[in-house]
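Working notes for the structure below.
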Amino acid sequence: MKPDNYKIAAWPSFLHAKCPRCRRGKLFANSMYGFEGQKMNNTCGHCHLTFEIEPGYFYVAMFVSYAMNVAEFITAAGAINVLTGSSNPWIYVTVILAVSLSLSPFNFRYSRVILLYWLTPGLHYHPELSKDNNVGNPQ
Ligand SMILES: [Zn+2]
């Protein structure tokens, strides 16, 4: 078996919110849209990476979430303008609030995933940790 045979692609593991280092363990313990809220795992179940790299690390995800919200607001406002052509501000306020509330679980989850995948220096994919018989921790 070649060493590259156990590599896992980045985008599917990003979309399924897997660990950024081994791409096997789950970042979140439950589903995105549920009544009990989202619960993030403290460590990766596969490679034992601690997801909160330092205390308060996920405060940075607020900035990512803010950028995602702005992009969603602009998209919703553009869609209202194109679809209705209305200049009534209450249509914009109502639809943008509904979009913001309905996408807040999505923003919460993927702001953290984006932070861990692309905005954390020194955290990279280690293909050797994707193997089934992984017991080590390179840190
Ligand atoms: Zn992992």
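Each value in this text was obtained by applying a stated rule to the coordinates, not by laboratory testing. What you see is a predicted model; the values in this text were computed from it and never measured. As a convention, Cβ positions derive from the backbone with ideal geometry for all residues, glycine included, and neighbour counts pool all protein chains shown.
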If each residue's Cβ is checked for other Cβ atoms within 10 Å, how do C44, C19 rank with the fewest at the top? C44, C19
Can you give the FRET efficiency to the nearest 0.05 for A10 and N81, using r as the Cβ-Cβ distance and R₀ = 41 Å? 0.70
Once Lys and Arg get +1 and Asp and Glu get -1 on their Cβ, which of G37, T84, C22 lies farthest toward the positive end of the dipole of the stretch 1-86? C22
Taking the highest mean first, how do the peptides 23-31, 80-88 order by number of other beta carbon atoms within 10 angstrom per residue? 23-31, 80-88
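If R₀ is 30 angstrom, what is the calculated FRET efficiency for the pair A29 and I74, using the beta carbon separation as r and rounding to 0.05? Let's see the in-between values first.
Details: r = 33 Å, r/R0 = 1.09.
It comes to 0.40.
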In debye, nearest 20: dipole of the chain around its Cα centre with unit charges on the Cβ of K, R (+) and D, E (-)? 360
As a test of the formula, what do you get for the chain when each DSSP H run with n ≥ 4 contributes -39,500 (n - 2.57) and the sum is divided by the residue count, at 222 nm and rounded to the nearest 500 deg cm²/dmol? -15000 deg cm²/dmol
Taking the Cβ of each residue in S100, S130 as the centre, tally the other Cβ atoms inside 10 Å and list the residues starting with the fewest. S100, S130
Test of understanding: ordering W118, W90 by Cβ neighbours within 10 Å, fewest first, what list do you get? W90, W118
